[in-house]
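Asker: I'd like to ask you about the structure that follows.
The values are calculated or read from the model by the stated rules, or taken from the named source; none is laboratory data. Since we're looking at a predicted model, the values are computed, not measured. Cβ atoms come from the backbone with ideal geometry, glycine included; neighbour counts cover every protein chain shown. SASA here: full protein model, heavy atoms, side chains in, ligands and nucleic acids out. Shrake-Rupley method; radii C 1.70, N 1.55, O 1.52, S 1.80 Å.
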Amino acid sequence: MNAAATAPPGPGAGRSARYDAFHAARARTDLVARLYAEAMGEDYPAEVAASSSCDWPLLGLMTARLRLRPGQLLVDAGCGAGGIGLWLARALALRLAAFDLSPIAVAQAADRRPRFSLSAERAAFHVAELENTGLPDAGAHGIVCVDALGGAADRDAALRELSRVLAPGGRLVVTRAARRGAAPAWTEQARAAGLTVEHVDERPAEPALWERLHRLWIAHADELRSELRSELGEDQAQNMLREAHHALPKLPGRRAVLLTLRRGANAPAAPGTADTMTGPDRPDERTPQ
């Protein structure tokens, strides 16, 4: 399927252009996937094939923290090409509702359902933003948000929206990053959204993963340009290389975690203050999935 031709336009179409280009490029060459696999080594979950920091340890940790039962509804927020949500839905016998800013990524995710033996009734994908998911109140028993929250136009509004979608007692697992030695405002941000921090799991290997990947991008610069130029022009390869050069100096000071946030049994989402957390992240802290 030509995702670019079949995916409908959606909200945030202007902001999605960078991610559309990335997903279109990855669909036309296996080079990007090969570099992710090389960077992760035996921790690379090939079937998931996420363009993010999702490795086998993170999949296991998310499974443990979500504590979902068969038949419950999982939301994959910022799902990219869908591998994380599809893998979890199949492994845990869940229903899946997933969304992403990029129409191309959403079309690719929908196309991948048969590979995970999931039907359209079992796994639904749509185009939406983190701040406006289009999902009903309190319908999700669990939410995963991997390397996507930083791409929200308003992180505080995005957390409130995910809290609204989460059922009482449900859990949101979200990757975050901060500078080492800083005091991130995760607890305050969660409270402002009507959530509590249940666990903070350190991910000490994550910065080194990005360092290996970015160094591989730079080392394969000519190959990236050659592979991507033929389909999308020079811009996509140059964007990836700029991202690598921008991120590398900041990675030694990066602290990466998985936050597990829980909505109270009767706690409504509440208005909060602006998210002021900063960190040594990739340019906007969002990674195409």
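Asker: Look through segment 10-44, keep the residues that are outside any helix (DSSP H, G or I) and over 18 Å from GLY151 (Cβ atoms), and return whichever of them is modelled with the highest pLDDT.
Answerer: Ranking the qualifying residues of segment 10-44, first place goes to TYR44.
Asker: Got a number for residues in segment 161-180 being more than 21 Å from MET62 (Cα to Cα) and either crowded, with 16+ Cβ neighbours inside 10 Å or of a type in the set (Asp, Glu) (or both)?
Answerer: Residues that pass the stated criteria total 1.
Asker: Sticking with this structure for a sec: Which of the residues spanning segment 181-205 are open to solvent by 10 Å² or more (accessible area, probe 1.4 Å) and either under 21 Å from GLU243 (Cα atoms) or of a type in the set (A, V, I, L, M) (or both)?
Answerer: ALA182, ALA183, ALA185, ALA192, VAL197, VAL200, ALA205
Asker: Given the structure, is LEU209 at pLDDT 95 or above, within 23 Å of GLY80 (Cβ to Cβ) and in contact with a helix residue (DSSP H, G or I) (Cβ under 7 Å, 6 or more places away or on another chain)?
Answerer: Spelling it out, LEU209 is indeed at pLDDT 95 or above, within 23 Å of GLY80 (Cβ to Cβ) and in contact with a helix residue (DSSP H, G or I) (Cβ under 7 Å, 6 or more places away or on another chain).
Asker: Within the bounds of segment 195-203, is there any residue that is under 30 Å from ASP20 (Cβ atoms) and either at pLDDT below 95 or out of contact with any strand residue (DSSP E or B) (no Cβ under 8 Å at 6 or more places or on another chain) (or both)?
Answerer: No, there is no match, as no residue in segment 195-203 is under 30 Å from ASP20 (Cβ atoms) and either at pLDDT below 95 or out of contact with any strand residue (DSSP E or B) (no Cβ under 8 Å at 6 or more places or on another chain) (or both).
Asker: Please work out which residue is surrounded by the most Cβ atoms within 10 Å (Cβ to Cβ), limiting yourself to segment 51-95 and to residues that are within 15 Å of PHE116 (Cα to Cα) and over 15 Å from the mean Cα position of the chain (by Cα).
Answerer: Among them, the one singled out is ALA89.
Asker: Let me ask something additional. Could you tell me whether VAL75 is closer than 23 Å to ARG155 by Cβ, of a type outside the set (Phe, Trp, Tyr), at pLDDT 95 or above and part of a helix (DSSP H, G or I)?
Answerer: For VAL75, the condition - closer than 23 Å to ARG155 by Cβ, of a type outside the set (Phe, Trp, Tyr), at pLDDT 95 or above and part of a helix (DSSP H, G or I) - is not met.
Asker: I need the full set of residues from segment 238-264 which are open to solvent by 10 Å² or more (accessible area, probe 1.4 Å) and part of a strand (DSSP E or B), in order please.
Answerer: Scanning segment 238-264 gives ARG254, ARG255, ARG262, ARG263.
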